[in-house]
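S.K.: This is the structure I have questions about; it appears just below.
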Amino acid sequence: MTLARCWLVCCWLCAGLWTQASWADKFTYINDDGQRIDVEAKLYATGGGVLALERTDGSIELVPEARVRQRLPSQDPTPISPAQMLEKLKEQFGEEKFRGTVSGPFVIGVVLMAPLPKTSESKVTAALKKSAGYMQSISKTFEAFAKQAKMTPLPPKYPLVVLIFETDEIFEDFTAKETGNRGLSAGNIAGFYSQLSNGLYIRMSECYTFATPLHEAIHQQCFNTGVLPRLAPLPKWFVEGMATGFEGAGDKVKGDPLKLNHQYAKSIAESGRLPGDLDWELVGSVDRLFGADVFAGEAYFHAWSMHWLLVSKHRDKYTKFFQAMSQMQPLTEARPNDHKKAFEAAFGKSPNAFQSEFIPAFLTAAKKERFASNRDDLPGVISRQVNLAGVDMLAESNGLQVAVKGTLKNISPIRDMSYYLVVMTEFGSYADWHIHNLKMNASFQLKPTPMLKVARGAPGGPGRAFFVRVQAAPSDSPEAARWLKGDLPPVRQPRF
């Protein structure tokens with residue numbers, strides 16, 4: 001967004017907003033604790049009684065304008081370099097539990113659960129190198145797509161931070177603090193990009209297939225190459241639909257929004273329909289669907305479907321819409337019908353008028369693309385990648401009781417692990433396994449085990465839903481030693 005220089009110190013507009021500056025100023029404001037804070041920052045945007053201050057690391061700080069005490073002109077500080085950002089992250093997380101690397105504009109780090117044994121250092125270095133190559137491929141793929149949409153992506157101004165959290169626990173703790181527990185609950189978030197911090201944060205387990213890192217990296221690309229403005233009221237279906245369009249190519253960056261998303265396409269091909277009862281006008285106008293634990297899955301599914309149809313079958317109108325989105329103003333608020341009006345202005349009719357086109361267009365496209373089978377194709381198998389474990393489970397019933405069996409694979413790229421696995425029904429009946437010292441990339445066969453145990457406080461009984469929970473610890477850790485002695489973690493009643 002281009003910002004106009006303010007020549008007057010502490011000049012207010014009649015509406016009570018600061019004028020916008022083309023270089024940085026020194027701001028003094030009062031924080032939540034009543035302390036005076038001095039910062040050098042660009043005034044990125046104003047709106048709703050808030051100033052968005054752009055810092056040298058690319059983060060944006062939101063400050064109520066009523067708390068600003070002084071603003072003085074200053075020279076534009078140079079954005080920090082990727083190398084400086086890496087040092088900042090080492091200080092934040094501590095050198096003992098952080099490893100990182102720099103590749104072009106990317107600063108990629110691993111936040112560890114515990115100190116690394118020396119034998120794992122080379123493995124972390126290799127994993128970081130692989131991640132760096134992956135992020136560079138994403139950047140090239142996104143640039144090509146943006147140019148196809150007649151947008152002009154610019155080189156990132158700030159370092160692009162990508163943090164990979166080794167375990168689910170440390171990721172969820174970080175996520176709860178970073179998001180303030182707004183939107184999806186931390187346990188339901190596989191990874192996310194923050195428009196405020198400008199960082200991309202991901203569970204290490206999600207790097208096994210790379211689908212989630214790819215999705216979130218597209219958000220980071222959109223908001224750092226100038227094609228979309230940060231903190232603008234962009235419709236969620238558009239932002240999320242574009243990102244889901246790049247998913248589904250595993251650890252190879254082959255997909256783009258003009259192709260079918262493998263996961264969604266496979267589901268549609270099997271059922272012959274889109275999931276749930278959502279219509280596209282609702283998906284296109286009610287952004288909060290994407291932040292609700294109950295509706296988010298369906299909302300993302302429909303967002304991909306809607307985006308794919310428009311970009312692949314209505315390219316010129318899609319380009320017009322994309323260009324309109326690139327001009328939206330940060331910190332403005334979308335009124336109830338604004339998203340619908342913007343859609344109809346570009347495409348000439350409502351989202352619902354396009355929905356009937358989807359299935360015929362999809363079936364034609366599906367004939368041209370082959371979907372390689374994967375382990376999700378096995379009937380009755382529940383497959384999960386969770387807490388550094390790849391789990392395939394199959395439940396069988398003999399009419400009297402249900403037993404589960406399967407395999408657990410260590411998907412940590414950096415160390416040997418111990419696991420405690422629980423598979424539970426919605427009524428709290430469960431089977432469990434303790435696997436000690438499983439080598440990297442090794443698999444363990446889980447023998448058929450009846451679900452006869454009952455979690456404390458649960459009624460127990462067979463069910464139709466299954467909850468898979470994995471706790472992981474380094475094989476050489478005190479926690480793994482306690483498990484080996486029989487001191488296993490308590491099994492809690494599930495929350496469905």
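S.K.: Just checking, how many residues over region 65-89 are more than 25 Å from T101 (Cβ to Cβ) and free of Cβ contacts under 8 Å to residues at least 24 places away in the same chain?
M.R.: 1
S.K.: Is it the case, given these coordinates, that L196 is among the hydrophobic types (A, V, I, L, M, F, W, C), part of a loop (DSSP other than H, G, I, E, B), touching a residue at least 24 places away in the same chain (Cβ under 8 Å) and under 21 Å from D256 (Cα atoms)?
M.R.: Answer is no for this residue.
S.K.: Evaluate region 97-105: report whether one residue or more is under 24 Å from the mean Cα position of the chain (by Cα), free of Cβ contacts under 8 Å to residues at least 40 places away in the same chain and within 30 Å of T46 (Cα to Cα).
M.R.: Checking region 97-105: not a single residue is under 24 Å from the mean Cα position of the chain (by Cα), free of Cβ contacts under 8 Å to residues at least 40 places away in the same chain and within 30 Å of T46 (Cα to Cα).
S.K.: Given K118, K130, which one is closer than 21 Å to M85 by Cα, surrounded by fewer than 20 Cβ atoms within 10 Å (Cβ to Cβ) and modelled with pLDDT under 95?
M.R.: Answer to the check: K130.
S.K.: Related question: Looking at region 39-48, is at least one residue out of contact with any helix residue (DSSP H, G or I) (no Cβ under 8 Å at 6 or more places or on another chain), at pLDDT 90 or above, surrounded by fewer than 13 Cβ atoms within 10 Å (Cβ to Cβ) and within 23 Å of L231 (Cα to Cα)?
M.R.: Among the residues of region 39-48, at least one is out of contact with any helix residue (DSSP H, G or I) (no Cβ under 8 Å at 6 or more places or on another chain), at pLDDT 90 or above, surrounded by fewer than 13 Cβ atoms within 10 Å (Cβ to Cβ) and within 23 Å of L231 (Cα to Cα), which makes the answer yes.
S.K.: Using beta carbons and a limit of 6 Å, which pairs, at least six apart or on different chains, have the first residue in region 137-161 and within 18 Å of G191 (Cβ to Cβ) and the second one at pLDDT 95 or above and in a strand (DSSP E or B)?
M.R.: Taking only residues 6 or more apart or on different chains, the pairs are L160/F106; V161/V107.
S.K.: Now a separate question. Would you check if there is a residue in region 202-210 being in contact with a strand residue (DSSP E or B) (Cβ under 6 Å, 6 or more places away or on another chain), more than 19 Å from I60 (Cα to Cα) and surrounded by fewer than 21 Cβ atoms within 10 Å (Cβ to Cβ)?
M.R.: Yes - at least one qualifying residue is present in region 202-210.
S.K.: Can you confirm whether E178 is of a type in the set (D, E), touching a strand residue (DSSP E or B) at 6+ places or on another chain (Cβ under 6 Å) and farther than 30 Å from Q323 by Cα?
M.R.: No.
S.K.: Here are some residues: T141, T225, T179, T212. Which one is in contact with a Leu (Cβ under 7 Å, 6 or more places away or on another chain), of a type outside the set (D, E, K, R) and assigned by TED's automatic domain parsing to the domain that holds K317?
M.R.: One residue alone meets the criteria, T225.
Here's the yes/no breakdown for (1) at pLDDT below 95; (2) part of a helix (DSSP H, G or I); (3) of a type outside the set (D, E, K, R):
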| position | (1), (2), (3) |
| --- | --- |
| L289 | yes, yes, yes |
| Y300 | yes, yes, yes |
| V311 | no, yes, yes |
| T319 | no, yes, yes |
| P330 | no, no, yes |
| R335 | yes, no, no |
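S.K.: I'd like to verify a number: residues in region 461-481 that are of a type outside the set (G, A, S) and more than 24 Å from M204 (Cα to Cα), how many?
M.R.: Adding up the residues that qualify gives 2.
S.K.: Examine region 201-219 for a residue that is among the hydroxyl-bearing types (S, T, Y), over 23 Å from R415 (Cβ atoms) and not in a strand (DSSP E or B), and state whether such a residue exists. Quick ask: steps written out before the conclusion?
M.R.: Step one: list which residues in region 201-219 are among the hydroxyl-bearing types (S, T, Y), which gives 201, 205, 208-209, 212.
Checking which are over 23 Å from R415 (Cβ atoms) leaves us with none.
Among the residues of region 201-219, not one is among the hydroxyl-bearing types (S, T, Y), over 23 Å from R415 (Cβ atoms) and not in a strand (DSSP E or B), which makes the answer no.
S.K.: Among the residues of region 148-184 satisfying the criterion of being closer than 16 Å to Q195 by Cβ, among the charged types (D, E, K, R) and part of a loop (DSSP other than H, G, I, E, B), which is nearest to the chain's Cα centre (by Cα)?
M.R.: So the residue we want is R182.
S.K.: From I80, I60, which residue is out of contact with any Leu (no Cβ under 9 Å at 6 or more places or on another chain) and of a type in the set (A, V, I, L, M, F, W, C)?
M.R.: Result of the check over I80, I60: I80.
S.K.: Mind listing just one residue for me: the one in region 165-196 that is out of contact with any helix residue (DSSP H, G or I) (no Cβ under 7 Å at 6 or more places or on another chain) and of a type in the set (G, A, S) and, of those, surrounded by the fewest Cβ atoms within 10 Å (Cβ to Cβ)?
M.R.: Only one residue fits best here, namely G180.
The values are calculated or read from the model by the stated rules, or taken from the named source; none is laboratory data. Everything quoted here is computed from the prediction, not taken from an experiment. Positions of Cβ are backbone-derived with ideal geometry, glycine not excepted, and every protein chain shown enters the neighbour counts.
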